[in-house]
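Okay, structure first, notes after.
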Amino acid sequence: MSETLDLSDNQITSLHPGDFTNLSDLYILVLKGNNITSLSPDALKPLKHLFSIDLSHNPIVYLGPDAFKWQSQSMYEVMLKGTKLRLIDGEAFNSSTGVKSLWFENNDMRYLPWNVFDPLTYYGDPQEALNLESNPWRCDCQMYEYARWQQSPQGLVAGALTCQDPPELRNKTLREIPLEQFKCNCSHFSTPSIDTSGSDVNTTSGHSAVLKCNVTACPEAVILWSTPRGITLADNSPHPGLEVLDDGTLIIVETGPDDTGTYSCMAANYLGQATAFLQLKVIPSPGLAEENVDETTDSYV
């Protein structure tokens with residue numbers, strides 16, 4: 001059995017529990033260049049000895065809590081280069097404290113949770129890496145704790161981050177900015193709250209559906225949607241037939257039977273997160289129902 005499995009550029013859209021059964025000796029898993037939008041920790045459960053995973057160039061927007069919980073002793077390297085990554089959960093590495101090489105450059109992250117790298121320990125080995133370059137970092141209060149960590153001895157492993165916003169800090173690196181300048185213009189700081197009123201509950205197959213996720217938060221929250229088909233997306237990651245607007249609204253352009261089910265909208269800032277669940281029922285169109293009746297009748301003729 002090979003210790004490396006390369007599934008690059010195979011149009012894979014999702015990973016499920018059982019996909020890697022009987023591959024417990026797998027050491028390196030390469031999944032770059034597919035259409036994976038989210039990572040389920042349980043899909044990797046059989047891979048107890050996995051050392052390195054490459055998920056680069058997938059439209060992944062979110063790395064959730066305990067992402068590699070089944071690789072607590074083995075995982076060393078995680079590569080997510082050139083994805084649509086908007087958010088790393090603050091508990092993403094709580095169960096995989098041996099990770100020493102992270103490659104998250106060329107994504108769409110604006111801030112980092114203050115505690116995201118706390119479980120990891122760096123010793124100054126040349127093979128250790130924490131690459132977060134070429135993200136549109138917003139150097140405000142949400143980056144304060146990370147900036148403080150980066151200026152500590154352990155944070156020296158991290159490469160230099162360059163700010164894109166606010167304008168007065170653009171093109172400055174995190175390390176050269178005094179900590180007191182990481183500020184947010186909030187009259188009232190708040191964790192996100194979500195209002196889904198105005199969302200469609202029912203729609204006819206072939207018609208569009210609108211699901212609302214009106215978020216109140218300061219500082220501004222990241223908004224992520226998950227669909228019954230296992231797709232996770234944000235406003236920066238359009239998916240065929242799906243679009244998230246700047247205000248958090250999810251548009252399903254042309255609904256079908258597979259769009260019936262539970263949708264979730266998650267909003268997160270550095271103070272916390274909230275999730276709202278919405279149910280959508282797609283009703284078969286009258287024309288489709290008549291076609292099905294005709295086909296059934298023909299089968300008995």
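The values are calculated or read from the model by the stated rules, or taken from the named source; none is laboratory data. Keep in mind that this is a model prediction, so the values were computed, not measured. Cβ coordinates were reconstructed from backbone atoms using ideal geometry, including for glycine residues, and neighbour counts include every protein chain displayed.
Specify which of the listed residues (Asn94, Asn22) is more than 29 Å from Tyr146 (Cβ to Cβ) and either buried (at least 20 other Cβ atoms within 10 Å of the Cβ) or in contact (Cβ under 8 Å) with a residue 12 or more places away in the chain (or both).
None of the others qualify; the one that does is Asn22.
Please specify each residue of region 88-99 satisfying the condition of being touching a Ser or Thr at 6+ places or on another chain (Cβ under 8 Å) and either hydrophobic (A, V, I, L, M, F, W, C) or within 19 Å of Val157 (Cα to Cα) (or both).
Of everything in region 88-99, those that are touching a Ser or Thr at 6+ places or on another chain (Cβ under 8 Å) and either hydrophobic (A, V, I, L, M, F, W, C) or within 19 Å of Val157 (Cα to Cα) (or both) turn out to be Ser96, Thr97, Gly98.
Look through region 1-37, keep the residues that are in contact with a Gly (Cβ under 7 Å, 6 or more places away or on another chain) and small (Gly, Ala, Ser), and return whichever of them is nearest to Arg229 (Cα to Cα).
Ser14
I'd like the full set of residues that are closer than 18 Å to Trp225 by Cα and assigned to a loop (DSSP other than H, G, I, E, B), limited to region 51-66.
Correct list: Asn58, Pro59, Ile60, Val61, Gly64, Pro65.
Is it the case that some residue within region 19-33 is touching a Phe, Trp or Tyr at 6+ places or on another chain (Cβ under 6 Å) and not assigned by TED's automatic domain parsing to the domain that holds Trp225?
Yes.
For region 65-80, check the following and say yes or no: at least one residue is of a type in the set (A, V, I, L, M, F, W, C), in contact (Cβ under 8 Å) with a residue 40 or more places away in the chain and crowded, with 19+ Cβ neighbours inside 10 Å.
Yes, region 65-80 contains at least one residue that is of a type in the set (A, V, I, L, M, F, W, C), in contact (Cβ under 8 Å) with a residue 40 or more places away in the chain and crowded, with 19+ Cβ neighbours inside 10 Å.
May I ask you to list the residues in region 168-217 that are hydroxyl-bearing (Ser, Thr, Tyr), without any contact (Cβ under 8 Å) to a residue 24 or more places away in the chain and touching a Ser or Thr at 6+ places or on another chain (Cβ under 7 Å)?
Thr173
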